[in-house]
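In what follows, a structure is listed as structure tokens, so that the remarks can point back to it.
Nothing in this text is a laboratory measurement; each read-out follows from the coordinates by a stated rule. Nothing here was measured: the structure is a model prediction, and the numbers come from that model. Glycine gets a Cβ as well: all are built from the backbone with ideal geometry, and neighbour counts include every protein chain shown.
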Amino acid sequence: MAPPRPPSHERRVQALAVLAGAPGTLLALLLLWSSDFDLALKVGLGCAAVALWLGFAVAARQRVRCSLLTLANMLGAVREGDFSVRGRIPAGDDALGLAFHEVNSLTETLHEQRLGALEASALLRRVLAEVEVGIFAFDHGGDEDRRLRVVNRHGERLLGRSAERLVGCTAAELGLEACLEGEALRTVELTLPGGDVSRSGRWLLRRSSFRQGGLPHELVVLSDASRALREEEHAAWRRLVRVLSHEINNSLAPISSVAGSLAQLQQREPRPEDWEEDLRAGLEVVAGRSEGLRRIMASYAQLAKLPPPQLGEVQVEDWIRRVAAMESRLPVLIEPGPALSVRADGAQLDQLLINLLGNAVDASLSRGSPVRVGWDRKADALFVWVEDEGPGVSDNANLFVPFFTTKPEGSGIGLALSRQIAEGHGGELSLRDREAAAGPGCRAELRLPLASSS
């Protein structure tokens, strides 16, 4: 047998009204019964008193019922998204008026939030529609295949189909399965079956995860990197050709001049007495400039053939102290940092730091001031810095251009090779003048990721 249901709130209010009126009604009936009225009048007045008592109780119940129904209707309208319903706040400072005021305020707040969400959603849709990158959102579709749920207009153009035909297809069916595997940020080679934009080439891939409705999703963003990469390649080739042309012309000009002089010397009759000495000096110039050209080409080969790093555990303090001890021309002051290790190619890091310390010492030789090196940890990265008190950076634009050098005997390869080593490890290398308060000089800073370090 089911347990009896508890009385409703309205019935409890009615019962409280009956109980509240019971003492007064019973007292009135008692006084009426003890009066000198005849029996019929007593019975009539008694029935009228009881009816009035019960009527007040029913009226109280109905008043509470109407108020609660009004609140329920207001909340129901809010739940359905209708924010136009408002409750009239009764006069006075009672609890019912406070309840209506709070519900009205809640409705207004939700209305403003809904308008803000709609405006933000409309802006997001407009941005997604106009941006020239392909945006795809995949879920797991309840199985192992990840299915497309959201695609923007440029994504439709890349795949050559409308959103209605694309949504629900698996990543494998769309040719995007490779985008959901591997590194989240990388350049990929893709051929996409679009119609009005170029499809084959290199694409910059960005992938991230999010949850919607409690389910995991993956967001894939594809932007065409072919044009930008081609422009960068052309710019790099132009810089390289410009520098190589400068270096080669610097060597060919004296070779051509000396060769012409030697040809004239050979044709002269009679030859001067010191012609053999002139011939020997001229040949030495030709040999010296040829050796300079050979060094340039060897440096270029070193830059072009840098192998990928062979990762191993490198103790940061041991690495820095070992390389600093190799420099004997000036003192190298070490400012110790935290105990850290990093996954890197030890030989390549040695070469990088040797280049940085060598440049710092070259800049400080004229002053005889020491060079400082130190390291620190910031977030998930290792920062190694080298400071000197030399003249500072003279040409920021060409610092890392291969074969560009401001030193008479420099090869122009050290900084370019150092940056290539840093970027090969997922890091960065920068050079800048020291702060004015710290005095003249240059500060080289190397950043290496510590995500896989201990």
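Length gain on complete extension for the stretch residue 202 to residue 367, per 0.36 nm per residue less the alpha carbon to alpha carbon distance?
Working: separation 165, 0.36 × 165 = 59.40 nm, distance 5.01 nm.
Full extension of this stretch gives 54.4 nm more.
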Give the dimensionless ratio obtained when the Cα radius of gyration of the range 131-224 is divided by 2.2 N^0.38 Å.
-> 1.00
Here the FRET efficiency for residue 112 versus residue 430, based on Cβ atoms and R0 = 45 Å and rounded to 0.05, is 0.45
For the range 72-81, take each phi angle, set θ = phi - 60°, evaluate the Karplus expression 6.51 cos²θ - 1.76 cosθ + 1.60, and give the result in whole Hz per residue in order, putting x for glycine and proline.
-> 4, 5, 4, 5, x, 5, 4, 4, 7, x
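Using mean Cβ contacts within 10 Å as the protection proxy, how do 349-357, 424-432 order, highest first?
Details: 349-357: 21.8, 424-432: 17.2.
The densest-packed peptide leads the list: 349-357, 424-432.
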Note down the nm distance, to one decimal, between modelled labels 7 Å out along Cα→Cβ at residue 317 and at residue 248.
-> 5.1 nm
